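Novice: Submitted below is the structure of interest, expressed as structure tokens.
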């Protein structure tokens, strides 16, 4: 239902476009907001996911603008007592370099969020474009691309990401390249499969008969129809990217110290595990879980939305 | 049967170009990517041009790319993966001594995932849209969002440091490590062959936490798949027929639905194995498990280039073989597969 409606909707929007670009932007925002409010009705899972992710984004942004907003600096040594469990003044304890763990938690999602969003954007763009081209062109190009993507896809993504980061050097940009590269085959496969399906439909045949160019068919008719699938995949991908980035930081390929980072803080906490300093690893880990969970819930919600049959399947019987 | 054999032959032939492409991608990533691998290897240290050049010659980087590619493929075919810069031993030999450790961990991890994932998925499907279903789905999504290394560390804090039930690291405890004679490299199997109860107990106590940690990584994936697949099957006409005939629900689920629900789960076994290998990197690192994944991480840290390349090639070949076996197995158990 939703799928067949989409092109008509955008066509209608085109007709009412006012001349001023600013007004057009405003109209577009209003349309998106009202449409998404309608779409969000009854989607509890999706709403919870969006709230979690937004909360994390806001928290990280604020904490990075005002680093010592809870009274302690996340990166400053000797700011607090040494290796102390959670107390009233230090909610999540302190580490061996006398830093407050809570203040590090607040701003520690910086690298994860930036890398996850940029990497997924990168792989989404490259993967989908390659998928559209490959699915539409067919022939030997399609075969070679498919085989290559399948080969990369079959390889353990975590290992590939680690090796790539090791080649590129540690830091934010290398992580974006590495994680982004790893997810390209996912989008390639999703879009290619959708294109193959859409290509055979009668409305594409009709528009081709009218004389539309290939570019027009891809951009205006095939691409919008693959967006639903891409959105669901990208949310799950973001959840996975958060874990991958955390793992890379844990292995020491992330931000250089003393920058606060959840994965790196867990690695640091590992050294004090035998002395029972559980707070050093517990809290950063919980943050990673919640953020990843938030993206996972969004993915789950979008999948329910795109494919309503997935929900309440047995009610029909 | 001959059709199955023909399919196996075709599938074997298809593995070759697939593997060739994978090996080429590995080569391109490691050699032709921006950045000089030799200076990356010697990482940031202040090194004279002569030393750099000598490393370049030693690793064969002074030759043209195509010659390097030829040598690389030739080496793989001959089973020559080069020598580790760290230990001076052949990389392949080092990989083979560590391989059983990874496989042992992977098998037990898979077993854990099967038990938790499959059971919970089937349970959720048979109680769809009830409280159990929602609970299980939350469990699946949470295990999906769980950083493996963190879970391993939490297990260590709780079960090793606080309770002292299990050892923190390794495959076998202190004194036993010197006495124990490994035959196959698979320690559990070895202990059974030796009929050594004490060693078996020690080995199993080392294995419990890493296996559960690794297994949890797959539980979410497998649980969701099992649930979806089971829901699909329970919707089919022959299940309705069975119910209409008065077959007890228990038998409908266990005998009629379960077997067919297994088929799609087996198809993605190859993919799951890839996830398992990725998870092994973190699990082996956290638990100091002497497998190939932790070997790779240590090689990266030491910038031991031949060992890095050798490990990746080894894993690539292994994954291709697993996929091949899964496909063949699949064609044998599911007669509907088109040849």
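Novice: Any chance you could give the angle, 0 to 90 degrees and rounded to 10, that helix A:110-137 forms with the longest Cα principal axis of chain A?
Specialist: Once rounded, the angle reads 20 degrees.
Novice: Could you give the alpha-carbon Rg of region A:78-119 over 2.2 N^0.38 Å, rounded to two decimals?
Specialist: 1.41
Novice: Next up: If you count, for every residue in A:142-154, the Cβ atoms of partner chains within 10 Å of its Cβ, what is the mean?
Specialist: Working: counts 0, 1, 1, 0, 0, 6, 5, 2, 4, 13, 5, 2, 11.
Mean shielding count: 4.
Novice: Provide the three semi-axes, in whole Å and in decreasing order, of the ellipsoid equivalent to the protein assembly as shown as defined by the square roots of 5 times the Cα gyration tensor eigenvalues.
Specialist: Equivalent-ellipsoid dimensions as semi-axes: 39, 33, 31 Å.
Novice: Okay, next question. To the nearest 10 degrees, how steep is helix B:131-144 against the longest Cα principal axis of chain B, on a 0 to 90 scale?
Specialist: 0 degrees
Novice: Here is a follow-up. Could you state, as a whole-number percent, how many of the C-alpha pairs of region B:91-250 are farther apart than 23 Å?
Specialist: Roughly 53 percent, once rounded to a whole number.
Novice: Under a GNM of chain B (C-alpha, springs under 10 Å), which listed residue has the highest mean-square fluctuation: B:55, B:187, B:295?
Specialist: Comparing B:55, B:187, B:295 in the GNM, the peak value goes to B:55.
Novice: Translational diffusion coefficient of chain A at 4 °C, 1.567 mPa s, Stokes-Einstein with Kirkwood Rh over Cα pairs, in µm²/s as a whole number.
Specialist: In µm²/s, the coefficient is 59.
Novice: How long is the gain from residue B:241 to residue B:58 if the chain were fully straight, where each residue apart is worth 0.36 nm and the alpha carbon distance is subtracted?
Specialist: Extra length from residue B:241 to residue B:58 when fully extended: 58.8 nm.
Novice: At q = 0.08, 0.16, 0.20 Å⁻¹, what base-10 log of I(q)/I(0) does the Debye formula yield for region A:110-262 when every alpha carbon is treated as an equal point scatterer in vacuo?
Specialist: Computed log10 I(q)/I(0) values: -0.27, -0.83, -1.12.
Novice: Using Cα atoms only, what is the angle between the long axis of helix B:292-301 and the major principal axis of chain B, expressed in degrees (0 to 90) to the nearest 10?
Specialist: 40 degrees
Novice: Next up: Ignoring solvent entirely, what values of log10 I(q)/I(0) come out of the Debye formula for region B:232-339 at 0.24 Å⁻¹ when each Cα is a single scatterer?
Specialist: Per q value, in the given order, log10 I(q)/I(0) is -1.20.
Novice: Report the percentage of all Cα-Cα pairs in chain B whose separation exceeds 27 Å, rounded to a whole percent. Spell out each step's value before the answer.
Specialist: On the way: 33296 of 57291 pairs.
When all Cα pairs of chain B are counted, 58 percent exceed 27 Å.
Novice: Another question about this same structure. Provide Rg over Rh for region B:173-220; use the alpha carbon set for both Rg and the Kirkwood Rh (inverse mean inverse pair distance).
Specialist: 1.07
Novice: A follow-up question, please. For peptide B:280-288, compute the average count of partner chain beta-carbon atoms within 10 Å of each residue's beta-carbon.
Specialist: Shielding by partners across B:280-288 averages 3.
Novice: Quick one: among A:26, A:102, A:272, which has the greatest mean-square fluctuation in a GNM of chain A with alpha-carbon springs under 10 angstrom?
Specialist: A:26
Novice: Further question: Between A:154, A:36, A:235, find the one with the highest GNM mean-square fluctuation for chain A; connect C-alpha pairs within less than 10 Å.
Specialist: Result for chain A, Cα springs under 10 Å: A:36 fluctuates most.
Novice: Please work out the Cα center distance from region B:111-162 to region B:265-339, rounded to the nearest Å.
Specialist: Centre-to-centre distance over Cα atoms comes out at 23 Å.
Novice: If we count other beta carbons within 10 Å of each Cβ, what is the order of A:146, A:249, fewest first?
Specialist: Numbers: A:146 18, A:249 27.
By the 10 Å Cβ count, ascending: A:146, A:249.
All of the numbers you see were taken from the coordinates with simple rules; none came from a lab. Note that the structure is a prediction, hence the values are computed from the model and not measured. Positions of Cβ are generated from backbone atoms using ideal geometry, with glycine treated the same way; all protein chains shown enter the neighbour counts.
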